[in-house]
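The values are calculated or read from the model by the stated rules, or taken from the named source; none is laboratory data. Because the structure is predicted, anything quoted here is derived from the model rather than measured. Note: ideal-geometry Cβ built from the backbone for every residue, glycine included; neighbour counts use all protein chains shown. Protein only, heavy atoms only, side chains kept; ligands, DNA and RNA dropped before computing areas. Shrake-Rupley method; radii C 1.70, N 1.55, O 1.52, S 1.80 Å.
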Amino acid sequence: MRVNGKNRILLHLKNISPNNGDQSISFNDNGTESYLICQKGIAESTNLSISRTSRLVKRLVEENLLKEELGHVKGLERRRKVYYLTKKGEEKGEEIQKELEKKKVTLKTNSSKTDVELGDIGSYINSRDPLMKALNNIDENNVIDLTGETSAQEDIFTGRSEELEFLTDQLESAIKGDVGALLIKGKAGIGKTRLVNEFKQKVQSEKVDFLIGKGYFESSEPFLPFKDALSDFEDRDVPTPMQLAEEVGGLGRGNDRRKEERKKIPNKFTEKRDMIFSETSERIKSLAEERPIVIFVDNLQWADRSTLMIFHYLADKLEDAPVLLIGAYIPEEVQRDDFLNEVIHRLNREDLLEELKLDPLEPDDIEEILKGLVGRIDLPQDFVQLIYESSEGNPLFLKELTKQMIEDGTIDPKNNKFPTSVHEIDVPDVVKDITRRRIKNLDQKKLKILRIGSIIGEQARYELLHSVSGMNPVNLLEHVDILTSTGILRASQNEEVYCFEHGLIQRAIYEYIPKPLKKELHHKVAESIEDEFEEKIEEFYSDIGFHYKRAGKFSKACKFYRKAGEKAERVYSQEDALEMYEEALKLSEKADLSDEKKWRIHENLGDIYKTIGNYDKSEKYYEKISKEKLNPKYQKRVARKAAEVYEKK
């Protein structure tokens, strides 16, 4: 698809016209004209040469499609010719654009190819004039090549500029010999590894050696992270700590004889360890004389004891060398008695430690990442807010949620299909894996508490946990205290309410509960709410209805949803009342209700719709009742209400 030069000029001037709503273009502002309407600006915008632009605008003026004037152009010293569309030119430009908008093209970016209509190109290209940008980049095969730009389905790095600057400052301090170790901490998926990878890309061009190793879940191989990190220096004959250990008799797993020797001669064992640590330190120092080194050990929470010991040792011994030692860990996966806590305490006490905590991303950052993942720049704000709330600002959860929904069709950007409710979002596998890892070693009582908590919801009152679990209060508090210390739960300030650290973790635990047990627990929770909060039960009508519904007790669920609707009506919350009554109506099909109770829900809905002025829907519900054989007095009452609706209509 090729668009000739004259048509490109008409399209350009049409789409920068103030009548097109472009507030960034200022015409006749203090006697000056926009640069975009002089010959040079037109040429740059349409990708035409100056000489060709000059010839084409002259023809367009002769054809009465443009009018030419002299004006002072912003940014240019002398007066220039400037061009405006005539009425005929506007009509011609509109005709060209409508024809083009129906054409299909292939949008090619760094990560994908997407077939779109040119009429929708503004949803994919971030530009003042996306159509012109598309035409400037299109080839003979109707492919728009935007590789190198961040316009579609890319993994955008955002929201960490301050943290990236902090790492850069730490490296500069390390080069001057003024840093011990830096620990980056944050929740799983918060972006610790991604931050360091971006840092790596930033500094590698500055002649810095970057070594990376990491701990592995349930791996106890001694020194494994440093073995991985230092393997990059094999060509320079740099042995890893493990190789040194094998040379001097081993600090590794070893055989039984070596273990017995260690018990008999602990000093010799300590001497061997110190020899290994010292040799490793000296080799790294000698390499750092050639160029600075960054050593990054990821997942320290899973590192073996030997790795943590040498990490502490190197933080001390390399403090004066141009070496930046970085570790990253997930605090929630570190138990109270883990050796990592002791190492952190020692590093702090010896003033060898800087810490960087990564917090969740802000909504604006989440939106930027979403635009890249979805490949659209005009995302519905309700969708952005839904994903922000579901991911709670966690970039990994955000990316996994989005990718999963694109794969299963919940998100279909071409057809403007986006989820509107959390119920349309499944828990990503990565969240399930994190949750499985967290709860794997919990005893049955703690697991029971988490299951009950997940049934109650993201927030669980202590009274409910106590009532449903049936545990001794002291034992319950002890178990809950451990669950909060491991980062699965968190407590309110007065410790009356406990929340899951992340809503997706609550949902993941909920999914693990067998269906029969789920029903039983929902039933027990509903009954416990009725018992525990009898004096203020009105506050919990919808919660009780929800749990009875999940328990399969539809008659009781219907009853409480209707009560919730009546309560909402009394406080003039008509939208909430409508939601509650509609839920009650759905459940009435499964519930064992008398005819009168079923039709009362229709009456409730008719009343609500009448109140909010939707008379057609109100009339529909009243008419349904009039067709049934019910108590004559009841029928007359509903007939009066229907008459009021007819009168208002």
Inset, instruction - Could you order Glu583, Glu101, Glu389 so the one with the most accessible surface comes first? Probe is 1.4 Å. - result: Glu389, Glu101, Glu583
Inset, instruction - Quote to one decimal, in nm, the extra length available between Glu538 and Glu424 on full extension: 0.36 nm per residue of separation minus the C-alpha distance between them. - result: 38.1 nm
Inset, instruction - Report the relative contact order of the range 467-616, percent, no decimals, based on alpha-carbon pairs under 8 angstrom and at least 6 residues apart. - result: 14
Legend entry - Under Karplus coefficients 6.51, -1.76 and 1.60, residue-wise ³J(HN,Hα) of the range 596-613 in Hz, glycine/proline x: 4, 5, 4, 6, 5, 5, 4, 5, 4, 5, x, 5, 5, 5, 5, 4, 8, x
Inset, instruction - Per DSSP H run of n ≥ 4, the term is -39500 (n - 2.57); total these for the chain, divide by its residue number, and report the mean residue ellipticity at 222 nm rounded to 500 deg cm²/dmol. - result: -17000 deg cm²/dmol
Legend entry - 3J(HN,Hα) from dihedral phi, the range 95-100, Karplus parametrisation 6.51/-1.76/1.60, rounded to Hz, x for glycine, proline: 5, 5, 5, 4, 5, 5
Inset, instruction - Identify all aspartates and glutamates with a Cα-Cα distance to Lys440 below 12 Å; exclude those on the same chain that are fewer than 8 residues away in sequence. - result: Glu218, Glu333
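Using per-residue counts of other Cβ atoms within 10 Å, averaged over each peptide, order 367-377, 271-281 from highest down.
The most tightly packed comes first, giving 367-377, 271-281.
Averaging the inverse of every distinct alpha carbon separation and then flipping it gives the Kirkwood radius. What is it for the range 477-630, in angstrom units? Show your work: numbers first, answer last.
Values: mean 1/r = 0.0567 Å⁻¹.
Every distinct Cα pair counted, the radius reaches 17.6 Å.
With r as the distance between the Cβ atoms of Thr106 and Glu354 and R0 = 56 Å, compute the FRET efficiency 1/(1 + (r/R0)^6) and round to 0.05.
0.70
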Inset, instruction - For the range 288-420, compute the number of Lys pairs whose alpha carbons are separated by less than 30 Å, excluding pairs fewer than 8 positions apart on the same chain. - result: 12
Legend entry - Packing-based order for 82-91, 497-506, 355-364, using average beta carbon neighbours within 10 Å, highest first: 497-506, 82-91, 355-364
Inset, instruction - Give, as a single signed number, the net charge of other residues whose beta carbon lies under 12 Å from the beta carbon of Glu389, with Lys and Arg counted +1 and Asp and Glu -1. - result: -3
Inset, instruction - Figure the gain on full extension for Phe217 and Thr168 (residue separation times 0.36 nm, minus the Cα-Cα span) and round it to one decimal in nm. - result: 14.7 nm
Legend entry - Gained length - Asp115 relative to Asp145, 0.36 nm times residue gap less alpha-carbon distance: 9.6 nm
Inset, instruction - Assuming R0 = 56 Å, can you tell me the calculated FRET efficiency for the pair Ser231 and Glu575, based on Cβ-Cβ distance, to the nearest 0.05? - result: 0.35
Legend entry - Too-long pairs where the Cα-Cα distance tops 21 Å, listed order kept, from Lys515/Lys553; Lys524/Lys597; Lys40/Lys103; Lys515/Lys563; Lys67/Lys87: Lys524/Lys597; Lys40/Lys103; Lys515/Lys563
Legend entry - For the chain, share of DSSP beta bridges that run antiparallel, in % to the nearest 5: 45
Legend entry - Summed side-chain charge close to Thr410 - residues other than Thr410 whose Cβ falls under 12 Å, Lys, Arg +1, Asp, Glu -1: -3
Inset, instruction - Work out Dmax and Rg for the chain from the C-alpha atoms and quote the Rg first, both in angstrom. - result: 34.0, 104
Inset, instruction - Go through His312, His423 and list them by solvent-accessible area, largest first, probe radius 1.4 Å. - result: His423, His312
Inset, instruction - Using packing as a proxy for protection, rank 623-636, 559-572, 438-451 so that the peptide with the highest average count of other Cβ atoms within 10 Å comes first. - result: 559-572, 438-451, 623-636
Inset, instruction - Calculate, axis by axis, the spread of Cα positions in the range 437-530 along the three principal axes, and write the results as whole Å, longest axis first. - result: 30, 29, 22
Legend entry - From phi via Karplus (6.51, -1.76, 1.60), per-residue ³J(HN,Hα) for the range 461-476 in Hz, x at Gly/Pro: 6, 4, 4, 5, 4, 5, 5, 6, 6, x, 7, 4, x, 5, 4, 4
Inset, instruction - Mind listing the long-range amide H neighbours of Ile212? Cut-off is under 5 Å, sequence gap 5 or more, other chains count too, H placed in the peptide plane at 1.01 Å from N. - result: Phe296
